[in-house]
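Trainee: This structure is in structure tokens; I'll ask about it shortly.
The values are calculated or read from the model by the stated rules, or taken from the named source; none is laboratory data. Predicted, not measured: the structure shown is a model, and the values here were computed from it. Glycine gets a Cβ as well: all are built from the backbone with ideal geometry, and neighbour counts include every protein chain shown.
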Amino acid sequence: MRTILAILLLSAAPLGCGPKQPTVDVPTMGFYESANKNFSEAVKVLQTPDPKTGAIDYNAAYTMLNKAVEQDPSMAKASYNAGWTAERMGQLDVAERHYRKALDTDPNYSNAMLALAKVLAVNGKGAEAVDIMKAYAEKNPTDTRVRTALVEALTSAGDYDAAIEQVRNVLRTTPDDVGAYRSLSRIYFQKGEYSMSQLCAEKAKTLAAGDASIYNNIGVTYLIMSNQPAAINEFKTALKMQPKLVPANLNLGFLAVNSGDFVLAKTCFENALAAEPGNVDAKLGMAVALRGTKDLEGAEKLYNEILKAQPNNEIAIYDAAMLQGKYLKNYKEGLAILQGYVDRNQGKFGPDHEVYAWMDQIRSLQAAEEARKAEEERKKQEAEERKKRQMAQLDELKVKVKTLEDLLKKYEHCQVMIDMGGIEMGTMVYEQAKSVTDAEEYDMAADVMTFVDEIIPQIQSNAPLCDQEAAAGAAGTPPPAEGTTPPADGSAPPPTEGSAPPPAEPPPAEPPPAGAGQ
């Protein structure tokens, strides 16, 4: 977003301004039958802001003024005020037409001449503005307003030497003319001689300490000299003096936009628009501020309003297209805005015009969004497939947990299993696995399954010993100790260690001696 370096230009107020009037009732048809009535009522509308919002109904005023000009083409004041009102609405081409009409009707109408010159300069017709004011200044050499405006026009046209000469002519007669020093400041600023610009602005400040526009211009110079803190301080000082000063609000507002302070920016642009509802730069800034505060609908509405008044405003076209493409993701509408710009300028753009790069930018945003969505969909499908696999693993785990549960119940009293730690380990695995299946934690199923798959075969491998132990217990015979051989049937059991040896058989009787007892 560009930063608009606004330096205060002269502007003329509408004729007939005075104290605020009571609320004006606009006629049903939008205008009256009399040119004078339309003119007087339109001026009342311009003088009477809405008591609640402070807004002025420029549309109603313009309708009546335009009708007054139709009814009485010789009414130069109506033409001038119609131009002034159109300018406030941002319709500079319409304003130019009305100012020309006013000046054609009354060639000595200085307000119309000054206003026309200003609009011409803004519309890039500075050379024509210079010619108009030179002719008028020659006829009215004492009109300092015209001479000052001529200086501004010469500056806008890039004729700096002629502009400086005009200022010198003023200073020869009025050495303390604050407007002359303000003009010199602007001239040197345009020439890029920022130190001289600053010096002239400081001189103007000493002559008119309460002139807020001077502080604004000094702030602009500081900004160009890359002294942003000093520039901000000058803009804030200007706004303390004159809160609705449009250039200072624009400058501070765009600085706030560039720094991301969209709340401050919004306040500045609101102040600028309160003073000049048709100011296009303020509307552009406000649209960006609204976008920054997430009011995308408000930003879109404002861009539409700008483009209705200025269909070929490139900044509005680009920003509106980017709002659609980058923020609202409405790529079709973004491209349509740019294509409409091309169509309205058929044959004027070469193939290297930046509008085609903007179109490519929208298409790139669209391609990136489509790729993001495709990747998101791919990840979603992967997640769904992964979940499907994990749910299947969870179902399988539930079956194995039941198997483990049955094994633990069957062998919970098996001494062999207990001694080997199978029951304790199996119980730990079972409790962990059961908590997973009860909580339906499908993403944990695969991890827990590993432990279940390890413990079940271990328990099953020792099952024969447990079964043998159970069988022995059922017969009332303690199971044989591991590594012993049961005794053969009919034989006595072997003596246990430490028991008394069995008694020895008595020796055979000795035969009696010969002759004894005979």
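Trainee: Six or more apart or on different chains, Cβ under 9 Å: which pairs go from a residue in segment 319-335 that's surrounded by 18 or more Cβ atoms within 10 Å (Cβ to Cβ) to one that's not in a helix (DSSP H, G or I) and not hydrophobic (A, V, I, L, M, F, W, C)? Could you list them?
Mentor: 323/330; 324/330
Trainee: What about residue 69, is it at pLDDT 75 or above, among the β-branched types (Val, Ile, Thr) and touching a helix residue (DSSP H, G or I) at 6+ places or on another chain (Cβ under 6 Å)?
Mentor: When the stated conditions are applied, residue 69 passes them.
Trainee: Which count do you get for residues in segment 192-241 that are part of a loop (DSSP other than H, G, I, E, B), under 37 Å from the mean Cα position of the chain (by Cα) and among the small types (Gly, Ala, Ser)?
Mentor: Summing the residues that are part of a loop (DSSP other than H, G, I, E, B), under 37 Å from the mean Cα position of the chain (by Cα) and among the small types (Gly, Ala, Ser) in segment 192-241 gives 2.
Trainee: Can you report the number of residues in segment 173-188 which are in a helix (DSSP H, G or I) and either at pLDDT below 80 or within 23 Å of residue 241 (Cα to Cα) (or both)?
Mentor: Matching residues across segment 173-188 total 10.
Trainee: Considering only segment 235-244, I want to know if a residue exists there that is buried (at least 19 other Cβ atoms within 10 Å of the Cβ) and under 18 Å from residue 258 (Cα atoms).
Mentor: The answer is yes; a qualifying residue exists.
One line per residue, one yes/no per condition, for (1) closer than 29 Å to residue 88 by Cβ; (2) out of contact with any Ser or Thr (no Cβ under 6 Å at 6 or more places or on another chain); (3) exposed (fewer than 14 other Cβ atoms within 10 Å of the Cβ):
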{"residue": "306", "(1), (2), (3)": "yes, yes, no"}
{"residue": "314", "(1), (2), (3)": "yes, yes, yes"}
{"residue": "355", "(1), (2), (3)": "no, yes, no"}
{"residue": "360", "(1), (2), (3)": "no, yes, yes"}
{"residue": "374", "(1), (2), (3)": "no, yes, yes"}
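Trainee: Is it the case that residue 474 is part of a helix (DSSP H, G or I) and at pLDDT below 85?
Mentor: Criteria met by residue 474.
Trainee: Quickly run through segment 82-101 and pick out the residues that are of a type in the set (Lys, Arg) and at pLDDT 90 or above.
Mentor: Once the filter is applied, which keeps residues that are of a type in the set (Lys, Arg) and at pLDDT 90 or above, segment 82-101 yields 97, 100, 101.
Trainee: Let me ask something else about it. Of the residues 294, 283, which is out of contact with any Lys or Arg (no Cβ under 9 Å at 6 or more places or on another chain), closer than 22 Å to residue 249 by Cα and assigned to a loop (DSSP other than H, G, I, E, B)?
Mentor: Of the residues listed, the single one that is out of contact with any Lys or Arg (no Cβ under 9 Å at 6 or more places or on another chain), closer than 22 Å to residue 249 by Cα and assigned to a loop (DSSP other than H, G, I, E, B) is 294.
Trainee: Moving on to the next point. Can you find a residue that is in contact (Cβ under 8 Å) with a residue 12 or more places away in the chain, under 30 Å from residue 471 (Cβ atoms) and among the aromatic types (Phe, Trp, Tyr) anywhere in segment 431-442?
Mentor: no
Trainee: Right, something else. Pull up segment 414-434, narrow it to residues that are under 60 Å from the mean Cα position of the chain (by Cα) and surrounded by 13 or more Cβ atoms within 10 Å (Cβ to Cβ), then point me to the one that is farthest from residue 401 (Cα to Cα).
Mentor: The qualifying residue farthest from residue 401 (Cα to Cα) is 425.
Trainee: From the list 61, 68, which one is over 24 Å from residue 306 (Cα atoms) and either buried (at least 21 other Cβ atoms within 10 Å of the Cβ) or of a type in the set (Asp, Glu) (or both)?
Mentor: Among 61, 68, only 68 is over 24 Å from residue 306 (Cα atoms) and either buried (at least 21 other Cβ atoms within 10 Å of the Cβ) or of a type in the set (Asp, Glu) (or both).
Trainee: While we're looking at this one, here's another question. Look at residue 195 and say whether it is surrounded by fewer than 17 Cβ atoms within 10 Å (Cβ to Cβ), of a type outside the set (Asp, Glu) and on the phi > 0 side of the Ramachandran plot.
Mentor: no
Trainee: Let me ask something else. Assess whether residue 401 counts as being in contact with an Asp or Glu (Cβ under 9 Å, 6 or more places away or on another chain) and assigned to a helix (DSSP H, G or I).
Mentor: no
Trainee: Check residue 86 against each of (1) buried (at least 24 other Cβ atoms within 10 Å of the Cβ); (2) within 22 Å of residue 190 (Cα to Cα) and name the one condition it does not meet.
Mentor: (2)
Trainee: For residues that are among the charged types (D, E, K, R) and surrounded by fewer than 21 Cβ atoms within 10 Å (Cβ to Cβ), scanning just segment 102-125, find the one that is modelled with the lowest pLDDT.
Mentor: Applying the filter and picking the extreme gives 125.
Trainee: Just checking, how many residues over segment 254-280 are assigned to a helix (DSSP H, G or I) and under 17 Å from the mean Cα position of the chain (by Cα)?
Mentor: So the answer is 11.
Trainee: Then there's this: Kindly indicate the residue of segment 158-169 that is surrounded by fewer than 20 Cβ atoms within 10 Å (Cβ to Cβ) and of a type in the set (A, V, I, L, M, F, W, C) and also farthest from residue 200 (Cα to Cα) among those meeting that condition.
Mentor: 162
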